[in-house]
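**Student:** Have a look at this one before I ask anything.
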Amino acid sequence: MAALEIAGLRVGFEQARGDVTPVVWDVALDLHAGRVTALVGESGCGKSTVALAAMGYVAPGGTLLGGRARLGDVDLLGLPPRRLKSVWGRQIAYVGQNASLALNPALTVGRHFEEVLRRHAGMRRPAARARTAELLEAVALPDPEAARTRRPHAFSGGQQQRIALALALACRPGVLLLDEPTTGLDPTTQARVAALIRALVTEQGVATLFVSHDLGLVGTLADEIGVMYAGELVELGAAADVVARPVHPYARALLEATPRLDGGAVRGLPGAPPSAVVRDRCAFHPRCAVGDHSCAGAPVILRPVVPGHLARCLKPGAAAPSAPAAVVPAAAPPETTPLLVARDVVCRYPRRDQAAVDGVSLQLAAGETIAIVGESGSGKSTLLRALAGVHPLADGELTLDGQPLAPAAAARPRQVRARLQLVFQNPDASLNPRQTVGEIVRRPLRLLRDDVGREQEEAAVAALLERVQLPAAFADRRPGQLSGGQRQRVALARAFAARPHVLLCDEVTSALDVSVQAAIVELIVELAREQGTAVVMVSHDLPLVRSCARRVVVMRAGRVCEEGEVARLFATPRHPYTAELLAACAALEPGAGRSAASMA
């Protein structure tokens, strides 16, 4: 018997006109004790909506249109709010993507656990403290006793995610819902958290739903994978089969868009998913390479292709007639004077003795794409922000085209600011929530460009949005109405609007779907080729770096530990730390299997 049975789940969201648009339709899943079922797909396909609805929660503006989520003998979708709150945490638990938002910065870690255990399990303080120590040890948090007295901000992102996972397991729930719990983490941390989740699920017999956009990752820890598109399941089967032999064209496209360490072609997926359920035809047909007129003429049902493997497709397993253009790293630039040079850069944080960046030198030629990689805290983002002029230099010098570059962006002339553009990792913090997308993208056209008149702005904004795969109609929306991936594409469009000579990208793809990652990488490479734009890409995603960069700089503890041509460095790393990063990424590649992940 399933620990949680989801059947006929339908969810809609109210629109401005008052009508309700379906965004999830007839989703059915069974979660079993000690097993992991994964949901994968692009942003906006309904994965997170399914996870939240499975525990009886619908976001504001949402409406349950039908279905059930049966936990034992109880249908969670029919429970009143007070009953639901007694179930949450005790019988079913949820872990979101960003642990820093889920943890209260004013409370110590121990206080978080005490509140949960006293409220849901009725434990007194001594028992709660003992259980807290047990949980922190179970998630391999260093020095659990000391950790109990510290506040969340004192921990890294990976450690915060471990704390959130331990909190979810505090009351021994039978069902665990994980919504992108490893997105944004560096590869070694991601591999460790994934292995930890798998071990805890197996040891404690928890039925788990794991939401992700990373097919390679879920292939290392899931027993079953469901692929979602436009609010519907389009493929469902054993994890090994879905990763090795996907039968729906969309699942195959997701795998082809996943970067690999061997430098294989990364193929972007043109277009974007529809924003609502499409019930009268195949929703994927407009983006499909194998579909024909029959796919657009009638509804397509989810049906068995082979025993235990379902697909919503009239042509399951059909091969695409031709492959789209693949991402290819930019060619080495001719010998030329470096465009951007950093010499012996030192950056410090206030009230800390250790330098965040300690004597790093870097040079970049026009049209060249280089990547700076390393774990969280290695100093790579601090170095990038120093180049952009938004983090102070303690020592060192910067030059652009052979001319001294002021350390502070505010001291740089307008023309120089236009030539050097920074795209931040978190678009939530870099986009003004009160402005429309059109206003955000239009601003650099007005402030930094002299060749675009007021009458040309609307067309220029539409063209920029199209280049980052957003409809022109999005110009009238605000950031809060977009998904995380869509917001990051707006940030990229804003940067491209200035026609920069140097594009500084700080983890710009870390929260994006693999299909969008590939499209953004294609865009960045195309920009470098066509406009002679130099790109510095900070990332912890080594397979992505392999697909687009010419040179790689590996940082650790504020210093460069290895640097070289991408093919050489990936084939024969000379520093043990580089080899460790590559091994962690290899463990999470599609087809790596569960044993590889457990070794990471």
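**Student:** Across the range 23-71, what is the total count of residues that are of a type outside the set (A, V, I, L, M, F, W, C), part of a loop (DSSP other than H, G, I, E, B) and in contact (Cβ under 8 Å) with a residue 12 or more places away in the chain?
**Tutor:** Total meeting the criteria: 11.
**Student:** Looking at 155, 210 in this structure, which one is among the aromatic types (Phe, Trp, Tyr) and in the same structural domain as residue 30 (by TED's automatic domain parsing)?
**Tutor:** 210
**Student:** Just to be sure before I move on: is residue 196 part of a helix (DSSP H, G or I), surrounded by fewer than 24 Cβ atoms within 10 Å (Cβ to Cβ) and outside the structural domain of residue 556 (by TED's automatic domain parsing) in the structure I sent?
**Tutor:** So residue 196 fits the description; yes.
**Student:** Sticking with this structure for a sec: Which one is modelled with the highest pLDDT, of the residues in the range 130-179 that are of a type in the set (S, T, N, Q) and buried (at least 19 other Cβ atoms within 10 Å of the Cβ)?
**Tutor:** Only one residue fits best here, namely 132.
**Student:** Please verify whether residue 518 is more than 25 Å from residue 181 (Cβ to Cβ) and either in the same structural domain as residue 471 (by TED's automatic domain parsing) or crowded, with 23+ Cβ neighbours inside 10 Å (or both), treating the condition exactly as stated.
**Tutor:** Judged against the criteria, residue 518 is not a match.
**Student:** While we're on this one: Being closer than 18 Å to residue 517 by Cα, among the basic types (Lys, Arg), surrounded by fewer than 24 Cβ atoms within 10 Å (Cβ to Cβ) and out of contact with any His (no Cβ under 6 Å at 6 or more places or on another chain) is the requirement here; does residue 252 meet it?
**Tutor:** yes
**Student:** Just a yes or no: is a residue in the range 275-295 under 19 Å from residue 318 (Cβ atoms), among the β-branched types (Val, Ile, Thr) and in the same structural domain as residue 215 (by TED's automatic domain parsing)?
**Tutor:** yes
**Student:** Of all the residues that make up the range 257-273, how many are in contact with a strand residue (DSSP E or B) (Cβ under 9 Å, 6 or more places away or on another chain) and surrounded by fewer than 21 Cβ atoms within 10 Å (Cβ to Cβ)?
**Tutor:** 3
**Student:** Would you check if residue 209 is buried (at least 24 other Cβ atoms within 10 Å of the Cβ) and either touching a Lys or Arg at 6+ places or on another chain (Cβ under 7 Å) or closer than 17 Å to residue 49 by Cβ (or both)?
**Tutor:** yes
**Student:** Out of the residues in the range 81-99 that are in a loop (DSSP other than H, G, I, E, B) and within 12 Å of residue 51 (Cβ to Cβ), which is modelled with the highest pLDDT?
**Tutor:** 96
**Student:** Restricting to strands (runs of 3 or more DSSP E) lying wholly in the range 483-600: which have 2 or more residues that are under 22 Å from the mean Cα position of the chain (by Cα) and modelled with pLDDT of 85 or more?
**Tutor:** By residue number, 502-506, 534-539, 551-556.
**Student:** Which residues, counting only those in the range 284-301, are part of a loop (DSSP other than H, G, I, E, B) and either of a type in the set (Gly, Ala, Ser) or exposed (fewer than 13 other Cβ atoms within 10 Å of the Cβ) (or both)?
**Tutor:** Across the range 284-301, the qualifying residues are 289, 291, 292, 297, 298, 299, 301.
**Student:** Out of the range 260-294, which residues are touching a Gly at 6+ places or on another chain (Cβ under 9 Å) and closer than 30 Å to residue 566 by Cα?
**Tutor:** 260
The values are calculated or read from the model by the stated rules, or taken from the named source; none is laboratory data. If you're wondering where the values come from, they're calculated on a predicted model, not measured in any experiment. Quick reminder, even Gly has a Cβ in these numbers, built from the backbone with ideal geometry, and neighbours come from all protein chains shown.
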